[in-house]
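Novice: The structure is given below, and queries will be raised subsequently.
Laboratory data are not the source of any read-out in this text; all were calculated from the coordinates shown. Given the structure is predicted, the values throughout are model-derived calculations rather than measurements. Cβ sites come from the backbone with ideal geometry, for glycine too, and all protein chains shown count toward neighbours.
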Amino acid sequence: MKFERKQFLEDVTKILSADFAVTLEEAGKKELYQAVSKAVMTEVFPDWQACKRQSGKRCGYFSAEFLMGRAIFNNLLSLGILEDVREALASVREDLNEFEEVEDAALGNGGLGRLAACYLESAASMDIPLDGYGIRYRYGLFRQTFENGYQKEEGDDWLKWGDPWSVRVEREAKIVRFADMDVLAVPYDMPIFGYRNGVVNTLRLWSSEPIRAFDFEMFDKMKGENKAVENFHATKICDVLYPNDNTMVGKMLRLRQQYFLVSASLQDIVTKLKAEGVDLHDLPKRYCFQLNDTHPVLAIPELIRILRAEGFSFEEAFGVAGRCFNFTNHTIMAEALERWDALALSDLIPSVYEQILACQNRLDEEAGGDSRFFIIREGTVHMANLAIYVSSKVNGVAEIHTNILKRETFRDWYERYPEKFVNITNGITPRRWLLLNNPRLAALIDGKIGSAWHTDLSRLSLLKPHLGDMLSDFKEIKGENKARLAAYIKEKEGVEIPAGFIFDVQIKRLHEYKRQLLNALSVLAYYFGVKDGTYRDLPPTAFIFGAKAAPGYYMAKAIIKFINEIANLVNGDKTVSDRMRVVFVQNYDVSYAEKIVCAADISEQISMAGMEASGTGNMKFMLNGTVTLGTLDGANVEICEEAGADNNYIFGATVDEVAKVKHGYAPEKLLEADPVLKRAVETLIDGTFPDEKGMLKRLYASLTTGYEPDRYLVLHDFADYMRVKTKLLYDYGTDEFFMKCLVNLASAGKFSSDRSVKDYADLIWHI
Ligand SMILES: *Cc1c(COP(=O)(O)O)cnc(C)c1O
């Protein structure tokens, strides 16, 4: 985008006077933020319209979550005007950094939603016509604070700064019909800018509204009482994002959200194609759809329903759907695989349920009644099976994950339809996760190999001959990032972390399989070790955690409380203050991640092998020159392939070993055999920490008793974790160590989401 300072300031001034009746000098931060954003939006409108009107084949990325993060800086960077705007504003009054308080659209839980956001950005940057379709939740993922160490949740009013980066497109509203009510779906379009290439794709988020406000005639025909109820429900559908990560919640409101999203999106696309005069039999020539996990899988029967209403036979409609849909699986965890009660489904959306039944019948015929193949069984609809049966392609998100899908989770399906299964390893956008969050490191790289890597990350390998020359600058930049993070943490969390300490970081959703508990136990082991002399000379280390726990996930919340208690103990003990600090930052989100990732020395990726489908946090750290301390799980495996296992720190049971260890696993024997482990674990019950609610006691019980004690092998992997982590801490600081960091950076090319979306475009979408 061309930038003209005088024109820009005039535009901002005009918007301020028209919208808020203030001058540039008088405007408050919120007003200025809106005016700056709108001035840019006005400029890009022609490009956006041109892209929307293109007639080639497009892909719709259907996702219940888009974890977009803060838009303004990223958008200005993509348009190539970040520094121009910064300078223009500085010339009149405002430091652009003051916008750091504004919206951080958290319309997603974690990795899955952030992946969707990275893919949209990458597709626009690679000039791939990919549009996102999602839900405009009124409240995003809850805001987290700690009170006495316990997690507290508050509503996330992400619209309080306004929403200048969206446009309400009322004339393209659609009606979504449930058995008990009709709802208006109003689209809000967000532009997705390609990186300095003039491409503008669209994220269309649907908002639910009562039809009343829209259609007075229909309003008049309705009976008084129903009206009130209907209005209440209609607005409620999009009220709030379900704050669960990797768990299925069988709530009717969730089912309504899912159908609302896919019905509105498909009606929208079909309406447009019909208006263009396209024969719907040719739909697959114009559109394909990527289903981001099972949440939008109702799109399959919904499209079949729509086509049948257009006069298609079931077979014709099924054929079109089969050529349009593709499905990404994100997890093998049983508690996350979506299933819906068939009765509930048929009550809520009977005409859609009919199509699911028809798919089931077709499958029965095709599989000759082989009971391994089903969509509906014992009154339950299995969404993944529906997705696999109908879709052209099914993909896992890292090599190891796709192999597990083929070998175990969907083994029968794979044997029947091997050609459907492909792997597309996840990626992250290098614009947000290096250029934007770590501009000095990006500039250092530019100085060595030019800037073509911004859109071709494989070129980072060209750094390899220069790594030695980069060493001192790299250390200096990392040091500065650490000092900045330390100051931020001091301000936000009130915890002092010396910038000279090693920053050992674990940030991700709180889940037992991710094993923050394993990390916590190691911190206690170091603490006791420093005190009793075992680790007298422990390299000074700050153990940094960030994570939200689903509000109903008891064990996850207990782990937060435990770590906060450990932080109190360690930070309150002057005898260890030159050796260690512990902090659990509040409200971990995309913006916090940007600040932490560029300042980390150690990236903790310690899930039980087989459980983390890919991970993308691991890639963010690698790209910023951080070594991984991890298990051979998810994309860690490929990180080691790219950067070399000896440049990272790998420990613990492998997938195959996990299966063996689980056989006759006896965690209490491990406790008895390892006094260091025993001492750390027993702090959960020996009065070291106050436990007025009995949470820590239950955490202890989860490790030692019950049907499947220590389900995620925390105790089994503890000794090896300590061995490798200790080696890492003592390796830290040498040039040899920082070379490992740089080798990781130079080997991160594969993990660009540019590569991922191109793989999708080639292997799956054929665009
Ligand atoms: C990248 C990211 C995630 C995913 O992290 P993992 O370590 O892959 O689980 C979750 N939340 C936020 C805010 C992120 O930026």
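Novice: Alpha carbon centre of segment 110-184 versus segment 430-488: separation in Å?
Specialist: 31
Novice: Could you give me the percent of Cα pairs per 10 Å distance bin for segment 632-767, shortest bin first, beginning at zero and ending with the bin that holds the maximum distance?
Specialist: For segment 632-767, the binned pair fractions read 10, 27, 25, 23, 13, 2, 0 percent.
Novice: Stretched out fully, how many nm does the piece from R411 to T688 gain, at 0.36 nm a residue minus the Cα gap? Before the final figure, lay out each step's value.
Specialist: Values: separation 277, 0.36 × 277 = 99.72 nm, distance 4.73 nm.
Contour length minus Cα-Cα distance gives 95.0 nm.
Novice: 7 Å from Cα along Cα→Cβ at both D646 and K14: what's the point-to-point distance in nm?
Specialist: 6.4
Novice: Too long at a 30 Å Cα-Cα cut-off: which of K236/K750; K152/K620; K274/K393? All intermediate terms of the calculation are to be shown ahead of the outcome.
Specialist: Values: K236/K750 42 Å; K152/K620 28 Å; K274/K393 26 Å.
Correct reply: K236/K750.
Novice: Mind checking segment 606-693 for chymotrypsin sites (Phe, Trp or Tyr not before Pro) that DSSP puts in a loop (not H, G, I, E or B) and that have at most 11 other Cβ atoms within 10 Å? Mind showing how you got there, number by number?
Specialist: Details: sites: F621, Y649, F651, Y665; in loops: F651, Y665.
Filter output for segment 606-693: empty list.
Novice: If you don't mind, another one. With a cap of 16 neighbouring Cβ atoms within 10 Å, and only residues DSSP puts in a loop, list the GluC sites (Glu not before Pro) found in segment 651-750.
Specialist: Loop-located and lightly packed - E692.
Novice: Arrange the peptides 124-135, 570-581 so that the one whose residues have, on average, the most other Cβ atoms within 10 Å appears first.
Specialist: On the way: 124-135: 23.4, 570-581: 15.8.
Peptide ranking by packing, descending: 124-135, 570-581.
Novice: Are there any GluC sites (Glu not before Pro) in segment 457-516 that are in a DSSP loop and have at most 14 other Cβ atoms within 10 Å? List them by number. It would help to have the intermediate numbers written out before the result.
Specialist: Values: sites: E476, E480, E491, E493, E496, E512; in loops: E496.
Qualifying residues, ordered by number: E496.
Novice: Taking each full run of DSSP H in the chain as one helix, which ones are at least 30 Å long along their axis (Cα atoms) and have mean Kyte-Doolittle hydropathy of at least -1.0?
Specialist: On the way: long enough: 29-52 (32 Å, -0.39); 252-275 (34 Å, 0.24); 467-493 (37 Å, -0.77).
Sorted by number, the helices that extend far enough and score high enough are 29-52, 252-275, 467-493.
Novice: When the scattering of segment 473-551 is computed by the Debye formula from its Cα atoms alone, each counted once and equally, what is log10 I(q)/I(0) at q = 0.17, 0.23, 0.25 Å⁻¹?
Specialist: For the requested q values the scattering log ratios are -0.84, -1.15, -1.18.
Novice: At what distance in nm do the modelled label points of K660 and K285 sit from each other, each positioned 7 Å from its Cα along Cα→Cβ?
Specialist: With each label point 7 Å from Cα toward Cβ, the separation is 5.7 nm.
Novice: By DSSP, what percent of the beta bridges with both residues in the chain are antiparallel, rounded to the nearest 5? Present the calculation step by step, with values, prior to reporting the outcome.
Specialist: Numbers: 30 of 75 bridges.
Here the share of antiparallel DSSP bridges comes out near 40 percent.
Novice: Still on this model: Take the Cα atoms of segment 100-181, build their convex hull, and give its volume per residue in Å³. Mind dumping the intermediate values first?
Specialist: On the way: hull volume 15.7 nm³, N = 82.
Cα convex hull per residue, to the nearest whole number: 191 Å³.
Novice: Now a separate question. Could you sort the peptides 300-311, 326-337, 23-34 by per-residue average Cβ neighbour count (10 Å cutoff), highest mean leading?
Specialist: Numbers: 300-311: 21.3, 326-337: 19.2, 23-34: 16.3.
Sorting 300-311, 326-337, 23-34 by mean packing, highest first, produces 300-311, 326-337, 23-34.
Novice: If you count, for each residue, the other Cβ atoms within 10 Å and average over each peptide, how do 387-395, 464-472 line up from highest to lowest?
Specialist: Details: 387-395: 23.7, 464-472: 14.1.
Most protected by this proxy first, the peptides run 387-395, 464-472.
Novice: Something else: Provide, for q = 0.11, 0.14, 0.26 Å⁻¹, the log10 of I(q)/I(0) from a solvent-free Debye sum over equal Cα point scatterers in segment 359-451.
Specialist: Log10 I(q)/I(0), no solvent term: -0.50, -0.63, -1.28.
Novice: Once the piece of chain linking V422 and T23 is laid out straight, how much longer is it, given 0.36 nm per residue of separation minus the C-alpha distance between them?
Specialist: Values: separation 399, 0.36 × 399 = 143.64 nm, distance 5.65 nm.
Stretched fully, the V422-T23 segment lengthens by 138.0 nm.
Novice: Do any of K482/K725; K475/K595; K2/K758 go past 23 Å between their Cα atoms, and which?
Specialist: Too far apart for the 23 Å limit: K2/K758.
Novice: May I pose another question? What is the distance, in nm, between label points placed 7 Å from the Cα along the Cα-to-Cβ direction at Q586 and at A50?
Specialist: 4.8
Novice: By how many nm would the segment from L357 to L159 grow when fully extended, if each residue of separation counts as 0.36 nm and the alpha-carbon distance is taken off?
Specialist: On the way: separation 198, 0.36 × 198 = 71.28 nm, distance 4.06 nm.
So the chain would gain 67.2 nm between L357 and L159.
Novice: Classify segment 31-149 as rounded, prolate or oblate, taking a ≥ b ≥ c as the square roots of the eigenvalues of its Cα gyration tensor: rounded when a/c is under 1.5, otherwise prolate if a/b is larger than b/c and oblate if not.
Specialist: Working: a/c = 2.24, a/b = 1.05, b/c = 2.15.
Cα axes put segment 31-149 in the oblate bin.
Novice: Less than 15 Å apart at the alpha-carbon level, and either on another chain or at least 8 residues along: which aspartates and glutamates does that give for K30?
Specialist: D19, E94, D95, E98, E100, E101, E103, D104, D157, D163
Novice: Sticking with this one: Computed from the mean reciprocal separation of all distinct C-alpha pairs, what Kirkwood hydrodynamic radius does the chain have, in Å?
Specialist: Working: mean 1/r = 0.0365 Å⁻¹.
The answer is 27.4 Å.
Novice: Nearest 0.05, what FRET efficiency do E480 and K272 give at R0 = 45 Å with Cβ-Cβ as r? Show your work: numbers first, answer last.
Specialist: On the way: r = 50 Å, r/R0 = 1.10.
Result of the calculation: an efficiency of 0.35.
Novice: So what's the Cα pair-distance distribution over segment 430-747, bin width 10 Å, in %?
Specialist: 6, 27, 35, 22, 8, 1
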